[in-house]
1. With bins 10 Å wide starting at 0, give me the P(r) of segment 142-193 over every alpha carbon pair, in whole percents.
2. Read phi for every residue in segment 30-40 and hand back ³J(HN,Hα) as whole Hz from Karplus 6.51 cos²θ - 1.76 cosθ + 1.60, θ = phi - 60°, with x for Gly and Pro.
3. Just grab the label-to-label distance for Ala41 and Gln146, each label 7 Å out from Cα along the Cβ direction, in nm (one decimal).
4. How many nm separate the modelled label positions at Ala86 and Ala122, each set 7 Å beyond the Cα in the direction of the Cβ?
5. In nm, to one decimal, how far is the Arg20 label point from the Ile177 one, both placed 7 Å along Cα→Cβ?
Amino acid sequence: MAKIKLTKTELKAQGDALKRFQRFLPMLQLKKQQLQAEIAAIAAKLDEVVAREEAERLALASWVALFSETGAPLDGLVRLERVLTATSNIAGVTIPVFRGIQAATASLDLFATPPWLDSAAAAVSALLALQAERGILERQRQLVTQELNTTSQRVNLFEKVKIPECKEHIRLIKIAIGDEQTASVTRGKIAKGRSRPTGVADEEDAA
């Protein structure tokens, strides 16, 4: 524990610090709860997107078989150009929010390519969108988890270090001030007794 001054000025400073820590702690605890709830929501959304992505992969498998039979070009059919995002704020954390993708589909010769190629391109686009959304959700979880770790450290610091430390400082200072006041009174009585004539002191004591 750091050395403190055993004075009334320091007592006030420690009291003010204790009030400040006790005022901020509930806000930090609430923020921690909000972040935990948000991480759970992101995880649930991520599970949903992963499941949809897997379903799209399975659906795309039939198209892959057709591509292999016809020799149509699967690679390069759809190209992801840009992931569209916005930003949102969660408990003081700025996170990206998925808004969609911009994708380019290869030019198709309607007479030289099979008619189901458009449907295959749509399936590939859907898969790319889900992959992009998954990446954004993973980034959200990373950012919110980092903030949760920081907030948890602050909660622990206030609960386990700062508040107990201030209380202990206040206790020690009060004891020291009380001891000093007692000693001061004692010294005053001794000084008063020495300053009186002997006869007067004896009479007062007798009385």
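Bear in mind these aren't lab numbers, they're just calculated from the coordinates by the rules spelled out. What you see is a predicted model; the values in this text were computed from it and never measured. Reconstructed Cβ throughout: ideal geometry from the backbone, glycine too, with neighbour counts over all protein chains shown.
1. The percentages, shortest bin first, are 22, 22, 18, 15, 11, 7, 4, 1.
2. Each residue of segment 30-40 in turn: 5, 4, 4, 5, 4, 5, 4, 5, 5, 4, 4 Hz.
3. In this crude spin-label approximation the distance works out to 2.1 nm.
4. For Ala86 paired with Ala122, the spin-label model returns 2.6 nm.
5. Here the answer is 1.9 nm between the modelled labels.
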